[in-house]
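Read through the structure below, which is laid out as structure tokens, and then see the notes.
The values are calculated or read from the model by the stated rules, or taken from the named source; none is laboratory data. Source: prediction; values computed, not measured. Glycine gets a Cβ as well: all are built from the backbone with ideal geometry, and neighbour counts include every protein chain shown. Accessible surface areas use protein heavy atoms only, side chains included; no ligands, DNA or RNA. Shrake-Rupley method; radii C 1.70, N 1.55, O 1.52, S 1.80 Å.
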2 protein chains.
Amino acid sequence: MLARYIPILDWGRHYNRDRFGRDAVAAIIVTIMLIPQSLAYALLAGLPPEVGLYASILPLIAYAIFGSSTSLAVGPVAVVSLMTAAAVGRLAAEGTADYASAAIVLALLSGGMLVVLGLFKLGFLANFLSHPVIAGFISASGIIIATSQLGALLGISSHGHAMPELVTSLWVHIDQINLYTLAVGAASLVALVWIRTGLKSQLLAIGVSPAAAIFAVRAGPVAVVLVAIAASAIFGLGDKGVALVGDVPQGLPMLSLPNLSLDLVLALAGPAFIITVVGFVESISVAQTLAAKKRERIDPDQELIGLGAANIAAAIGSGYPVTGGFARSVVNHDAGAATPAAGAFTAVGIAIATIVLTPFLALLPKAVLAATIIVAVLSLVDLSILKKALNYARADFAAVAITLGVTLVAGVEPGISSGIIASIAIFLYRTSRPHTAVVGRVPGTEHFRNVLRHEVEVAPHILSLRVDESLYFANARFLEDRIAGLVAEQPGIRHVVLMCPAINAIDMSALESLEAINMRLADQGIDLHLSEVKGPVMDRLRHTDFLERLSGKVFLSQHQAIAELE
Amino acid sequence: MLARYIPILDWGRHYNRDRFGRDAVAAIIVTIMLIPQSLAYALLAGLPPEVGLYASILPLIAYAIFGSSTSLAVGPVAVVSLMTAAAVGRLAAEGTADYASAAIVLALLSGGMLVVLGLFKLGFLANFLSHPVIAGFISASGIIIATSQLGALLGISSHGHAMPELVTSLWVHIDQINLYTLAVGAASLVALVWIRTGLKSQLLAIGVSPAAAIFAVRAGPVAVVLVAIAASAIFGLGDKGVALVGDVPQGLPMLSLPNLSLDLVLALAGPAFIITVVGFVESISVAQTLAAKKRERIDPDQELIGLGAANIAAAIGSGYPVTGGFARSVVNHDAGAATPAAGAFTAVGIAIATIVLTPFLALLPKAVLAATIIVAVLSLVDLSILKKALNYARADFAAVAITLGVTLVAGVEPGISSGIIASIAIFLYRTSRPHTAVVGRVPGTEHFRNVLRHEVEVAPHILSLRVDESLYFANARFLEDRIAGLVAEQPGIRHVVLMCPAINAIDMSALESLEAINMRLADQGIDLHLSEVKGPVMDRLRHTDFLERLSGKVFLSQHQAIAELE
């Protein structure tokens, strides 16, 4: 029973040396990858860089205990960092104690929401974040994040969490460009892009083993950081106007619970919910994809609890909201992680780095971290989704375009909210005007087809209408209008047969409409019949007096209906 | 072309003496019915009684020009009067000039919205007001309205537009009961109930003709008003603490356009939209029912324009929001109204009454009007909808109960909003967990049925799953989980066949899920096949590369699929 909610009690009993070896190797590789990213994403969130390291320690241990994925690597990620900055930036100024503690409260709220959603099995709520919305949102976030880092890369100050403000503030300060900063940033950018795209093939070409080449690619960003620190020390970059990370407190974070004021909780509840949903959707899709490769199964509700525990741990350990990262989870999987213990070992690695590395960080130019972020997030931007959606359906294109556009112009929260509302509205609109077809018999068969598409036989006194959608409040009156219109066009009609094989449900409003249709047709001397009604729908109709009041009959098949009425 | 938007240009050309006679008789009967109701509903809306008469003149003429129903009688109605009081009461104190002009702006806004909805053919938006929501809302409004009139009936002051405030204010002032007022109110109530329930059969019993008996029932409320005015004059009720209507300006309203301030428009836009939707839904359903009796057809978009013109006319003529009334439309229809001209003649009748009657109104006790309202609205209260909904489906019951409860406790706007949101949420929830069935072949046939309900044959290496719902973002991941679960349970599976006859659409999120399912199954060495895919769905899939990437095939029928895979 307890093991159901705490998976470590299950897999922990079968833990062995082989698995330890695989987990430890994966942990080393992920640790190396995570160090520069943690520092950079904390800056993106408007927090001191060490907070990124803190958010990569306790949360990973909590997820190892409560999480169910053997591949997912949690920690700070770019999109959630941007969302944190947008949410907290409205309440406090960057660099203040209020700002940091608001980020902690945000993590606690999001963690609590995730756990509650998991315990009450409400993970399906995340399904309302449709694929077009999440794709448009992630691309727009990537563009905003990359733009937000241009300031640090050029050595000028910029601010804002959406494009208009960001671009304006960059433009206004464009004369402040610091050429040393630009040189450091550009060099880092070139180095990081080269590590990502060219290093592996060049190493393989000179005979390095594939494993070593892959390790070099993973370790590359850390090497860039170390080189930059060395260059900063040698050339005294800080004195030349290059912004450095500055003094970072050495050692592990203190454990504490945040001060919760009701005002703060109310102000952060909305953003926390959006972060919760976005973080969960991103995590669960990567976790499920990687689980399938191992023929394992992910329990979405347990994942909610695991991610919730990670965020609560982030709050206790002076961090900020975390979630499962796509790139690092793939790396974790490829490196052979066998159990969630790999995450706990990564946490140990980051803890050691936090103690050892922090003295050197003071000299690190911020432009290097900006370059790290830009290279990481540009892979999120995939505008081909617009073309793909346009090819597929206008409704999906509209959802992508609205989410992308509103996110870019107005920021992450309005963007994702309007995307969700738009995709629900589009779905409701589509189902409110269902496809209907007047049908006739294909000669010599028992099949009935659309009169507009096929050569079929129709009796002049019978109208047969097929409805290709469940009937519910939003389309009930549409059906009333459709039948009234068809009957008005053909005065000779004596029978209307509603063909129902695609009607999976009829709600009370639709029942009311059917009763109104029945009554109005009866007033005109026309009988209403149903055919091919599904079992569950028929069960429900039997609970009412509709079938008694129906002027016509219910036929098992359309063929029987026509045979009898002709 | 012009006649399409101005129906009078069409029916006006065929107008003749016979139709004039029928319309005139109907107009006389509706006028007599409308006089006390107009006065009473204006008081309910917190406005001077003459405003109710004003709202029954110009709007009726405008509807006669632009409306398409030959039976609908527009004017002030109880529910919209309550909604007006709730909306305007937040902005100004009753009895002030600001209050009256806010009600005028509300009518103008609602009229403008109706016309815009009509011109852009957006009448389908009203469909989102489901039957359970409107039923719960109307019943709750009836209870609130009846309660709000108890104060006037007892001679005590009360206020509020929802039950907690109303009941509290009645309770606090219970010691102020005026026995004269109570006597007038109770006598009126008894008289009105008797006119409605007993008068007709008693008149018939003493040999009065049915037509005369029905006329007596219609004229009864006006007789009660006249008797009350006489009693008030004879006994000097005003001096005994009975609240009287007081001086009413004689003559017709001045025509004017309201002063529009942006603040006022913004404050009233939300309530105006809700009044628009509620008023339209109530009107269209009675108009359609009465039209069917005459084998006529109502154009919902033209009805929007007609009701919009009526409300704009209400604003110009110093009135307040109007809509089609149920009871008076039925009376109009029964009395033989042949064209919308009956409404214009009613307007003439009310205009004459406004000039002739106003001097006498000063002496009318308000308790009589309160009794008129109570008798009229109690027929709106129908709590049997709760039982009916519970019998039919829990989802519909929840929608009724939420709307009813929230309206009673928090008022009309929160009530109807939460009802709409709840019914949409319930619909989305239901479609997000579609019915699915593992199917097998009924022995000796080509039919496939649910393995849980029927004795069927299943091949151990084939999983056939039928999904009884269109696939879209909210249920796409549900399908991923369902298939992953089924495959994990049965390790011998080599083929998964998705049987799609009830899938009317697949959106881009669902396509993404199908691609993920296909890829994950392929990782496990399992082929994914589809069967019985509908034409429009297949057309859309052909626009993508999904069919090329599909590890299995698309079969025309489930029988073919099993025959080939076995």
Item to complete: For region A:235-246, state whether one or more residues are open to solvent by less than 60 Å² (accessible area, probe 1.4 Å), assigned to a helix (DSSP H, G or I) and not hydroxyl-bearing (Ser, Thr, Tyr).
Response: yes
Item to complete: Having 2 or more residues that are surrounded by fewer than 22 Cβ atoms within 10 Å (Cβ to Cβ) is the bar; report the strands (runs of 3 or more DSSP E) wholly within region A:437-527 that clear it.
Response: A:448-450, A:462-467
Worksheet item: Taking the stated definitions as given, is A:Ile8 open to solvent by 30 Å² or more (accessible area, probe 1.4 Å) and either closer than 28 Å to A:Val381 by Cα or outside the structural domain of A:Gly151 (by TED's automatic domain parsing) (or both)?
Response: yes
Discussion item. Take B:Leu514 and tell me if it is at pLDDT 90 or above and farther than 27 Å from A:Arg449 by Cα.
Written reply: yes
Response to the item:
Of A:Gly21, A:Gly52, the only residue that is free of Cβ contacts under 8 Å to residues at least 24 places away in the same chain and either assigned by TED's automatic domain parsing to the domain that holds A:Ala327 or hydroxyl-bearing (Ser, Thr, Tyr) (or both) is A:Gly21
Practice prompt. State whether one or more residues within region A:418-434 are surrounded by fewer than 17 Cβ atoms within 10 Å (Cβ to Cβ), assigned to a loop (DSSP other than H, G, I, E, B) and either more than 9 Å from chain B (Cβ to nearest Cβ) or touching a residue at least 40 places away in the same chain (Cβ under 8 Å) (or both).
Written response: yes
Worksheet, complete the sentence: Of the residues in region B:532-549, those that are more than 15 Å from B:Leu471 (Cα to Cα) and touching a strand residue (DSSP E or B) at 6+ places or on another chain (Cβ under 8 Å) come to B:Leu547
Worksheet entry | Where a residue in region A:180-204 is touching a residue at least 24 places away in the same chain (Cβ under 8 Å) and its partner, wherever it lies, is open to solvent by 70 Å² or more (accessible area, probe 1.4 Å), with Cβ under 7 Å and at least six apart | A:Tyr180/A:Lys240
Discussion item. Being in a helix (DSSP H, G or I), without any contact (Cβ under 8 Å) to a residue 40 or more places away in the chain and of a type outside the set (Lys, Arg) is the filter here; which residues of region A:528-558 pass it?
Written reply: A:Gly535, A:Pro536, A:Val537, A:Met538, A:Asp539, A:Leu541, A:Phe546, A:Leu547, A:Glu548
Worksheet item: Restricting the first residue to region A:126-142 and requiring it to be facing chain B (nearest Cβ under 9 Å), which pairs with a second residue that is buried (at least 24 other Cβ atoms within 10 Å of the Cβ) and not in a helix (DSSP H, G or I) meet a Cβ separation below 8 Å and a spacing of at least six or different chains?
Response: A:Ser130/B:Tyr472; A:Ser130/B:Asp507
Practice prompt. Could you look through region B:383-398, keep only residues that are touching a residue at least 24 places away in the same chain (Cβ under 8 Å) and within 8 Å of another protein chain (Cβ to nearest Cβ), and pick out the one that is most open to solvent (accessible area, probe 1.4 Å)?
Written response: B:Ala395
Worksheet entry | Sole exception among (1) open to solvent by 10 Å² or more (accessible area, probe 1.4 Å); (2) farther than 22 Å from B:Leu378 by Cα; (3) in contact (Cβ under 8 Å) with a residue 24 or more places away in the chain for B:Val172, by number | (3)
Worksheet entry | In region A:50-72, residue modelled with the lowest pLDDT [restricted to those that are open to solvent by 10 Å² or more (accessible area, probe 1.4 Å) and of a type in the set (Gly, Ala, Ser)] | A:Ser68
Worksheet item: What about A:Ala212, is it open to solvent by 30 Å² or more (accessible area, probe 1.4 Å) and farther than 30 Å from A:Ile57 by Cβ?
Response: no
Worksheet item: In region A:538-566, which residues are open to solvent by less than 10 Å² (accessible area, probe 1.4 Å) and under 42 Å from the mean Cα position of the chain (by Cα)?
Response: A:Leu541
